[in-house]
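The values are calculated or read from the model by the stated rules, or taken from the named source; none is laboratory data. Just so it is clear, the model here is predicted, and its values are computed rather than measured. Because the Cβ atoms are built from the backbone with ideal geometry, glycine has one as well, and the counts that use them run over all protein chains shown.
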Amino acid sequence: MESVTGQVRRIKITEKLMEYVRKTKEEKEQEREREAFLSELSAAKSEFDSIRQNLNLITDADAKEYCIYRLKAAELNFNRYIKLAKSIHLTSLPFLEETI
């Protein structure tokens, strides 16, 4: 027959294991969210850079004006992601040349 102390120890070990599994799941979910955020930030930067390059190639006045509006929207979107990155204390991004 098992002693009460042995049962208590087993319960404590089980509780610690469950806590570890819960923390591991939370960490994995946070990492997935971080990766998704970084992917969206990278896409916003790519869009901004692409539109900026296209603006230099356009000669038609109407197309240039449209491209300027798109560039401003892309810039605002990219800046929004930068502010979000700062708010979650993400200070070093691998695809940006400088820290934010």
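Whenever a residue of the stretch 55-78 is more than 17 Å from LYS45 (Cβ to Cβ), its partners that are outside any helix (DSSP H, G or I) and at pLDDT below 95, lying with C-beta atoms within less than 7 angstrom and at least six residues away or across chains, give the pairs LYS64/ILE58; CYS67/ILE58. Checking the stretch 71-90 against the condition returns no match, with no residue being outside any loop (DSSP other than H, G, I, E, B), at pLDDT 90 or above, loosely packed, with under 11 Cβ neighbours inside 10 Å and among the hydrophobic types (A, V, I, L, M, F, W, C). Taken as a whole, the stretch 7-16 holds no residue that is of a type outside the set (A, V, I, L, M), out of contact with any helix residue (DSSP H, G or I) (no Cβ under 6 Å at 6 or more places or on another chain), at pLDDT 90 or above and farther than 20 Å from HIS89 by Cβ.
In the stretch 38-54, the qualifying residues are those that are surrounded by 15 or more Cβ atoms within 10 Å (Cβ to Cβ) and under 14 Å from ALA73 (Cα atoms), and the one that is farthest from the chain's Cα centre (by Cα) is ILE51.
Among residues of the stretch 17-45 that are touching a residue at least 60 places away in the same chain (Cβ under 8 Å), none has a Cβ under 8 angstrom from a residue that is small (Gly, Ala, Ser) at a sequence gap of 6+ or on a separate chain.
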